[in-house]
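Scroll down for the structure; my scribbles are underneath it.
The values are calculated or read from the model by the stated rules, or taken from the named source; none is laboratory data. Everything numeric here is computed off the predicted structure, so don't read it as measured data. Cβ coordinates were reconstructed from backbone atoms using ideal geometry, including for glycine residues, and neighbour counts include every protein chain displayed.
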Amino acid sequence: MTTTTLKYPSFDLLEVNIDRDLSYKSYQSLKPVKTGDTISRLAFDFSYSRWQNFLNGTTDDTFVATKQLYGQPIVISFYSRHWHGKGIEYLKQLNSLHKEVKANGGNLIVISAEDFTEDLAEMALSNNLSLTIYFDPKNEIAEQMGVYSENDPIWNWFAGIDSNAPLLSSFVVANENVIVFDHNYRDYDEVLLSRDLIKAVGDSTYISNLLLSA
């Protein structure tokens, strides 16, 4: 009777190579800012290439001055082409609000997750949009407002979106960088309440004027 002995090379723990390039990232869900929160000042880049005005669908070269954005209530809304038809409907609703926002003493800025494209210009023309758009392809402001995260991509929330993008969302930022209105689409059934948004802008302007006259 014979015995077969299997021999394996000896194993030394000192031979194990540890890949130190891999770092652990804790999961963090999207956490949009809410009414009552105070944020740091929105750091817009006023380079010419970062802004585009549309007036009745055509490009308008009117310069966006710093004083238009600081010192008045600002409606900040986020958009990406990856929202497809839903995103276009959102822009159309914002377009219907921009005159009321201005009449109540505020400004409306759409933050685009992509740079300017001819497709955007064609979409603005076909929908007769009059909006001011700020291009933020690195999603810096979206991250600041908690509506974009690399750790919680938007496809975790919605089917049919194959690229990470900010939530369709709107916020009214009043003096002292306080959020006085918030809305974001956590599901397709939610509706942006236009009346509440306009009221938040008007109330903020009224309070600001009282403080200035005091």
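If only residues of region 61-98 that are free of Cβ contacts under 8 Å to residues at least 12 places away in the same chain and assigned to a helix (DSSP H, G or I) are counted, the one that is farthest from TYR206 (Cα to Cα) is GLY85. Within region 41-100, the set of residues being under 16 Å from the mean Cα position of the chain (by Cα), among the aliphatic types (A, V, I, L, M) and within 27 Å of VAL178 (Cβ to Cβ) comprises LEU42, ALA43, ILE74, VAL75, ILE76, LEU91, LEU94. In region 39-59, the residues that are more than 14 Å from ILE141 (Cα to Cα) form no Cβ pair under 7 Å with any partner that is modelled with pLDDT of 95 or more and acidic (Asp, Glu), whether six or more places apart or across chains.
If we scan region 150-166, do we find a residue that is closer than 23 Å to GLY85 by Cα, outside any helix (DSSP H, G or I) and in contact with a strand residue (DSSP E or B) (Cβ under 6 Å, 6 or more places away or on another chain)? Checked region 150-166: at least one residue is closer than 23 Å to GLY85 by Cα, outside any helix (DSSP H, G or I) and in contact with a strand residue (DSSP E or B) (Cβ under 6 Å, 6 or more places away or on another chain).
Within region 168-214, track down each residue that is without any contact (Cβ under 8 Å) to a residue 60 or more places away in the chain and touching a strand residue (DSSP E or B) at 6+ places or on another chain (Cβ under 6 Å). Once the filter is applied, which keeps residues that are without any contact (Cβ under 8 Å) to a residue 60 or more places away in the chain and touching a strand residue (DSSP E or B) at 6+ places or on another chain (Cβ under 6 Å), region 168-214 yields only HIS183. The condition (being at pLDDT below 95 and either crowded, with 22+ Cβ neighbours inside 10 Å or of a type in the set (Val, Ile, Thr) (or both)) is satisfied by just one residue among ALA124, ALA165: ALA165. Scan region 99-129 for residues that are closer than 15 Å to TYR79 by Cβ and in a loop (DSSP other than H, G, I, E, B) and the total you get is 7.
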